[in-house]
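Worksheet: the structure to be examined is printed underneath.
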Amino acid sequence: DAYARAVRPDDAKRIFDMHPNRDVVSYNSLLKAYSSATGSFANAADKAEQLLQKLERDDDEGQSGFGPNAVSYGTVIGAMSRTNSEDGARKAEEVLRRMARRYQTKNITAARPNIVTFAQVISAWAKSGSNQAGEKAEAALRWMEDNDAMAANTVCYNAAIDAWSRSPRNDAALRAESLLREMESKCKLRADVGGGECVCAPTNVTYTSVISAWSRSPLPNAAQKAEAILSDMLLAYERTGDSSLKPNKISYGAVLAAWARSDEDEAANRAEALVGEVINRYVTGEEESIRPNEVMFNSVIHALSKSKDGDTSSRARRVVAKMWQL
């Protein structure tokens, strides 16, 4: 449409103002233009929110004969989410709550919150940088399931887990892993009763986010926990053959980073053993996509540099030699 294709939001607004017969589609097109703006229109999300409020107000006052629908709300929530800020996440949630109230009080089916709008809010908190991101994201997940009888899907769970993986709370990794186990439990229950496809099946993104959470965790045995999650992912992949469960470089790299940060006596040995496993999988052709990279080797060298064993220098040189051989 002409509004969304306009190079600048103010150009789109001029086209909108010239339109004699505006409807919700016209408004949604301008909302899309605002929400897609970058650089030259820094307050695009706020402009989209102001337009949404006008759309609501005109409908409430009987001036337009139509109001915002799920596309309208989703577009504004998406714009707020893309600000990657705590303020944006808070505003995104406020818009979703307004959407929910409109649906509940006016029984407007077209404005009913859906999986997409909830996922956008959960993701907004995950990307917000807020110290409360984990709690806020999980609260939105629970709100979706408890109050709106929706089944959270993989995207929603992954966003909530991502929020916890970035959280500074000491128990963040435990909370992230708890959500992973919840996903696994739901899928097992569905399989046991023959209920068909599980909408919240974990993927390599899920497992890797939990690994990253443990990698950053200050709790004891965090690196062991990270490697245990990697083992779970490998078992799930080998059992099912599902390519979405296949560990990748990020998965292995996160575990190696965990061992590099660890003060455990076995950290250097575990890091060496794991990178050796990765090298073996790569050179044998079993996993050509996980060619060890410099980041992985640096993690091993860092783990060795902290080790109290006497032969760490020669072991580090061997690690460097392996890196150059690849």
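Mind listing whichever residues of segment 172-198 are in contact (Cβ under 8 Å) with a residue 40 or more places away in the chain and surrounded by fewer than 18 Cβ atoms within 10 Å (Cβ to Cβ)? Scanning segment 172-198 gives a single hit, Leu174.
Rundown of residues vs (1) closer than 30 Å to Glu264 by Cα; (2) hydrophobic (A, V, I, L, M, F, W, C); (3) surrounded by fewer than 22 Cβ atoms within 10 Å (Cβ to Cβ), yes/no style:
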position: Ala201; (1), (2), (3): no, yes, yes
position: Thr208; (1), (2), (3): yes, no, no
position: Ser215; (1), (2), (3): yes, no, no
position: Pro218; (1), (2), (3): yes, no, yes
position: Leu234; (1), (2), (3): yes, yes, yes
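Here is the figure for segment 294-326: residues that are among the aliphatic types (A, V, I, L, M) and either touching a strand residue (DSSP E or B) at 6+ places or on another chain (Cβ under 7 Å) or surrounded by fewer than 11 Cβ atoms within 10 Å (Cβ to Cβ) (or both) total 1. Considering (1) over 19 Å from Arg318 (Cβ atoms); (2) in a helix (DSSP H, G or I); (3) open to solvent by 50 Å² or more (accessible area, probe 1.4 Å), the lone condition that Ala258 does not fulfil carries the number (3). Scanning segment 67-114 for residues that are part of a loop (DSSP other than H, G, I, E, B), buried (at least 17 other Cβ atoms within 10 Å of the Cβ) and in contact with a helix residue (DSSP H, G or I) (Cβ under 7 Å, 6 or more places away or on another chain) turns up Gly67, Pro68, Asn69, Thr83, Arg112, Pro113. Do we find a residue being closer than 16 Å to Glu287 by Cβ and in contact with a Ser or Thr (Cβ under 8 Å, 6 or more places away or on another chain) anywhere in segment 213-225? Scanning segment 213-225, I find no residue that is closer than 16 Å to Glu287 by Cβ and in contact with a Ser or Thr (Cβ under 8 Å, 6 or more places away or on another chain), so the answer is no. Per the listing Trp125, Trp143, the residue uniquely in a helix (DSSP H, G or I) and crowded, with 23+ Cβ neighbours inside 10 Å is Trp125. Every residue in segment 288-326 that is more than 13 Å from Ala271 (Cα to Cα), in a helix (DSSP H, G or I) and of a type outside the set (Lys, Arg), please. Within segment 288-326, Glu288, Ser289, Ile290, Glu294, Ser313, Ser314, Val320, Ala321, Met323, Trp324, Gln325 qualify.
The values are calculated or read from the model by the stated rules, or taken from the named source; none is laboratory data. Every value quoted in this text rests on a predicted model; they were computed, and no experiment measured them. Glycine also receives a Cβ, built like all others from the backbone with ideal geometry; neighbour counts cover every protein chain displayed. Heavy atoms of the whole protein, side chains included, go into the accessibility calculation; ligands, DNA and RNA do not. Shrake-Rupley method; radii C 1.70, N 1.55, O 1.52, S 1.80 Å.
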